[in-house]
Amino acid sequence: MNQLITFDSAELLEASHTAMENTDLAEQLKIIFRLAESTLAEDGMDLNNVVFIIAEVADMRDRSVVNEAQKALWTPEHYPCRIILERGGYKAGAKARLLFTATKAPHTMINSFKGQIPTGPFSRTAVVAGRVYGSGVRAISPETQRLVSEDLRIQTKQCLQNLDTNLKSSGTFLEKAWSFTTYLTDLANVGLVMEVFREQGFDPGKVQMSFEKVDALNEYHPVEIACNALL
């Protein structure tokens with residue numbers, strides 16, 4: 001990942017001594033994105049160099065506010081990949097924390113009409129220097145665009161199928177994944193998810209796997225998975 005540059009809005013706010021108390025989320029996001037633009041400009045980049053955003057919000061009901069803020073800054077062909085989740089505890093009155101990943105390398109943002117339809121302003125994958133970085137996917141059935149099942153094992157399998165669809169649209173496939181990040185509302189389910197990974201042929205000794213606890217995911221689903229793969 002040496003082609004990538006990462007930075008954290010919480011650190012930007014702290015460094016700029018910006019307090020967010022008594023400021024609504026829409027205005028907070030404007031401030032965060034202005035600071036992000038300044039940070040990128042220092043390295044000769046702009047917002048179109050951003051390929052991935054992890055958007056943490058204090059309340060998942062504010063997801064639409066994040067969507068509108070992103071739509072105001074990016075055109076669809078430049079939408080960064082994204083994961084949005086609820087996880088509180090931000091400093092200085094902030095209602096959101098954004099983790100940005102940008103690159104100076106040539107890159108392509110990929111979208112496709114196959115599989116799960118994106119429900120926000122984000123690309124499905126970013127192709128950067130021979131690697132593919134993917135947005136998080138949920139267990140949405142491509143046929144119904146609804147949650148495939150209440151069974152977490154079936155949900156995990158569907159997430160992997162959706163990831164494979166996205167990767168194939170980007171010129172690769174799931175078997176070439178080298179890392180997975182699984183977001184769970186209950187970490188007691190890590191073992192169950194790992195069983196599905198193993199059944200699908202993924203050895204945790206050979207593929208990077210991490211699990212993160214979140215308070216909520218989009219539509220309050222219990223699991224979302226993102227992965228990175230080689231072309």
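Structure notes:
- Residue match in the range 185-194 (condition: of a type in the set (D, E) and buried (at least 17 other Cβ atoms within 10 Å of the Cβ)): no
- Being farther than 23 Å from D62 by Cβ and under 16 Å from the mean Cα position of the chain (by Cα) is a description that does not apply to C81.
- Residue, surrounded by the fewest Cβ atoms within 10 Å (Cβ to Cβ), within the range 167-180, restricted to residues that are in contact with a helix residue (DSSP H, G or I) (Cβ under 9 Å, 6 or more places away or on another chain) and not hydrophobic (A, V, I, L, M, F, W, C): E175
- Any hit, the range 20-31, residues being under 27 Å from L167 (Cβ atoms) and part of a loop (DSSP other than H, G, I, E, B): no
- Qualifying residue in the range 172-189 (condition: among the β-branched types (V, I, T), touching a Ser or Thr at 6+ places or on another chain (Cβ under 7 Å) and assigned to a helix (DSSP H, G or I)): no
- Some residue of the range 152-160 being in a loop (DSSP other than H, G, I, E, B), under 14 Å from E224 (Cα atoms) and touching a Ser or Thr at 6+ places or on another chain (Cβ under 7 Å): no
- The single residue among T144, T101, T119 that is at pLDDT below 95 and either of a type in the set (A, V, I, L, M, F, W, C) or within 16 Å of the chain's Cα centre (by Cα) (or both) turns out to be T119.
- Among residues of the range 142-151, those that are surrounded by 14 or more Cβ atoms within 10 Å (Cβ to Cβ) and part of a loop (DSSP other than H, G, I, E, B), counted: 2
- Checking each residue in the range 1-60 for being under 19 Å from the mean Cα position of the chain (by Cα), surrounded by fewer than 16 Cβ atoms within 10 Å (Cβ to Cβ) and among the hydroxyl-bearing types (S, T, Y) picks out only T6.
The values are calculated or read from the model by the stated rules, or taken from the named source; none is laboratory data. Everything numeric here is computed off the predicted structure, so don't read it as measured data. As a convention, Cβ positions derive from the backbone with ideal geometry for all residues, glycine included, and neighbour counts pool all protein chains shown.
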